[in-house]
Amino acid sequence: MSQVSQKKGRKTRTSWLWRILTSRWSFATLALKVVSAWLFWHFLFSPFQGFAGAERRVVVAPGLSARQILDRLDREGVIASSWLSRAYLVLVLGNRPLKAGEYLFAGPANGPQVLAKLIQGESLERSVTVVEGLSMMETADLLAREGFGERGALLDAMAQVGTIADLDPEATNLEGYLFPDTYSFAPGTPPGEVVRALVANFRARYAREIVPILPRQGAPPLRRLVTLASIVEKEARLQAERTLIAGVYRNRLDQGIGLYADPTVIYALRLAGRWDGNIRREDLAIDSPYNTYRYPGLPPGPIASPGLASLAAAACPAPVRYLYFVSKNDGSHAFAETLDEHNRNVEIWQRRYFRERRNQEAAAR
């Protein structure tokens, strides 16, 4: 055999051997890819529950990255693998953002199901009831106490008047416009969003239920109406008396008589940091535009958030001639048209009442 033929034979054998080796390597690579894909699919899509009990609650705080969220879910036993879920999120779902909130996971679930829950923001919601008559500061305290934001952040949001400026251009904050109602928010809802929901509710309820009952002529501006309604809210205890109290204040305003409303003095004391739960004679002299004993007319703005009944009363006060009222210490009031009649009511329901009460307490001791 020639040298050329020998070289050609060796080259042929080498090429054949290389084809065998490379084909086996390609098969092994393909097999590895198939096995890897199957494992990926199996662990990702198989229902998984790594926590004890029937359910697990997980709070996803605002500001966490997707990796941090998935690591947390892995530790909590909600998903089988954080890195597999992360790969699916990035490669298949386009790295869509995961939303903060409190989530409930009940029973086994696969990775895509868990991811869908967080992408859609299907978190648990918590309810809070804002009762009638709370001031802006009291509302912020309530919301902070119930876990819907820090007090400072809530008050900052309540200082943003853009949500009410078209209806009340004079508003310097949202006092009076944080509508009393029961609200539901997901944990982690930004304070600004919480506050905007309260104002949006006010706007909707005012437009739907108060605007239609306003007088066609001479309807008061919104700020004036809400300010009066806030005073009525703080004074009235009985539903039947709201329009009567509104009628008293309307008459005093029409006649240029000071309102002499204790709740406005209390509000002034709160602003000054002097309110301790008791109103004293010297407090009636506090120099504040909210002191309706010292300054005639309505105060500069609302002193609390009125409910729908007080807003309706301020919109349509009772057509009465009363100028005065005094508490009868049972939630009701004695109304009077003249100062002499009012003084007699004060003697009966205040001086005599408390004098007899003190005598009874002394006798009991």
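A few points about this structure:
- Angle in degrees between helix 3-45 and the longest Cα principal axis of the chain, rounded to the nearest 10: 20
- Where only C-alpha atoms are counted, convex hull volume of the stretch 196-346 per residue in Å³: 126
- Placing +1 on each Lys and Arg Cβ and -1 on each Asp and Glu Cβ, with no other charges, gives the chain a dipole about its Cα centre of roughly 2860 debye.
- For the stretch 142-251: rounded, prolate or oblate by the Cα gyration tensor [a/c cutoff 1.5]: prolate
- Estimated FRET transfer efficiency when R0 is 25 angstrom, pair Arg126-Arg208 (beta carbons, to 0.05): 0.40
- Taking 0.36 nm per residue of separation and subtracting the current Cα-Cα distance, fully stretching the chain between Arg351 and Asn278 would add 24.5 nm.
- Here the gap between Arg67 and Ala219, fully extended at 0.36 nm per residue and compared with their Cα-Cα distance, gives a gain of 49.0 nm.
- Degrees between helix 136-145 axis and first principal axis of the chain (Cα, 0 to 90, nearest 10): 40
- Degrees, to the nearest 10: 222-235 long Cα axis against longest axis of the chain: 70
- Alpha-carbon centroid distance for the pair the stretch 244-312 / the stretch 79-100, whole angstrom: 57
- When the helices of the chain are scored as -39500 (n - 2.57) per DSSP H run of n ≥ 4 and the total is divided over every residue, the value at 222 nm lands at -15000 deg cm²/dmol.
- Value of Rg to Rh for the chain, rounded to two decimals, is 1.35; Kirkwood radius and Rg both from alpha-carbon coordinates.
- In this simple spin-label model, placing a label point 7 Å from the Cα along the Cα-to-Cβ direction at both Gln113 and Asp330 gives a separation of 6.1 nm.
- A Förster radius of 51 Å combined with the Cβ-Cβ distance from Arg365 to Ala165 puts the calculated FRET efficiency at roughly 0.30.
- Rounded to the nearest 0.05, the FRET efficiency derived from the C-beta distance between Leu238 and Ala54 at R0 = 56 Å is 0.70.
- Ellipsoid fit via the Cα gyration tensor, the stretch 33-180: semi-axes of 43, 17, 11 Å, each the root of five times an eigenvalue, largest first.
- Rg/Rh ratio calculated on Cα atoms of the stretch 61-119 (Kirkwood radius): 0.91
- When the square roots of the Cα gyration tensor eigenvalues are ordered a ≥ b ≥ c, the ratio a/c for the stretch 220-308 is 1.5 or more and a/b exceeds b/c, which makes its shape prolate.
- Point-to-point label distance, Leu91-Gln255, nm (Cα→Cβ direction, 7 Å offset): 8.4
- Qualifying GluC sites (Glu not before Pro) in the stretch 141-186, DSSP loop, other Cβ atoms within 10 Å at most 15: Glu146, Glu150, Glu170
Throughout, read-outs are computed from the coordinates displayed, never taken from laboratory work. This one's a predicted model, so the numbers in the text were calculated from it and none came from an experiment. For neighbour counting, all protein chains shown are included, and Cβ atoms are generated from backbone atoms with ideal geometry for every residue, glycine included.
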